[in-house]
Ligand SMILES: [Zn+2]
């Protein structure tokens with residue numbers, strides 16, 4: 001998996017905002033500083049971001065589970081230019097982080113001296129949270 005293009009400032013957050021599952025995910029993040037997913041008891045799979053239906057057996061999912069703030073970088077890319085192709089003063093890294101014990105993943109900033117796929121990272125949360133994917137400031141080792 002690779003990112004070939006990135007538009008602007010975390011536009012991918014819209015992916016996570018839709019639906020009831022997304023609302024609960026962001027409420028837990030905002031109010032309790034927690035990440036949660038939905039679990040399929042039959043397949044024993046926990047999805048983060050939460051899904052309303054199991055991808056494997058299509059069962060409707062209503063079991064919520066707290067998941068850790070830790071995960072693993074599955075893919076990443078270094079961003080050097082903005083959307084108009086202007087060179088950035090400071091490049092940054094966007095990664096796809098799979099939360100431990102879950103399926104799926106979150107697209108987010110990774111802050112580390114050197115980012116590698118497979119590295120363990122943890123979500124660094126903002127103190128002042130509003131209920132958005134950017135309540136996670138970034139992931140760091
Ligand atoms: Zn299932």
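The values are calculated or read from the model by the stated rules, or taken from the named source; none is laboratory data. Computed from a predicted structure; not experimentally measured. Ideal geometry is used to build each Cβ from the backbone, glycine not excepted, and the neighbour counts take in all protein chains shown.
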Inset, instruction - Give me the pairs, please: first residue somewhere in the stretch 24-46 and free of Cβ contacts under 8 Å to residues at least 60 places away in the same chain, second residue anywhere and more than 16 Å from the ligand (Cβ to nearest atom) and in a strand (DSSP E or B), beta-carbon distance under 7 Å, and either six or more positions apart or on two chains. - result: 24/36; 25/36; 28/36; 34/66; 36/66; 36/67; 46/67
Inset, instruction - Give me a count of the residues in the stretch 83-108 that are without any contact (Cβ under 8 Å) to a residue 40 or more places away in the chain and farther than 20 Å from residue 37 by Cβ. - result: 10
Legend entry - Tally of residues being at pLDDT 95 or above and under 14 Å from the mean Cα position of the chain (by Cα) across the stretch 121-134: 5
Legend entry - Condition broken by residue 47, with the remaining ones in (1) within 16 Å of the ligand (Cβ to nearest atom); (2) over 29 Å from residue 116 (Cα atoms); (3) modelled with pLDDT of 90 or more; (4) surrounded by 14 or more Cβ atoms within 10 Å (Cβ to Cβ) satisfied: (2)
Legend entry - Candidate set: the stretch 54-77, residues that are part of a loop (DSSP other than H, G, I, E, B) and more than 10 Å from the ligand (Cβ to nearest atom); chosen: the one nearest to residue 106 (Cα to Cα): 69
Legend entry - Tally of residues being more than 16 Å from the ligand (Cβ to nearest atom) and outside any helix (DSSP H, G or I) across the stretch 14-44: 5
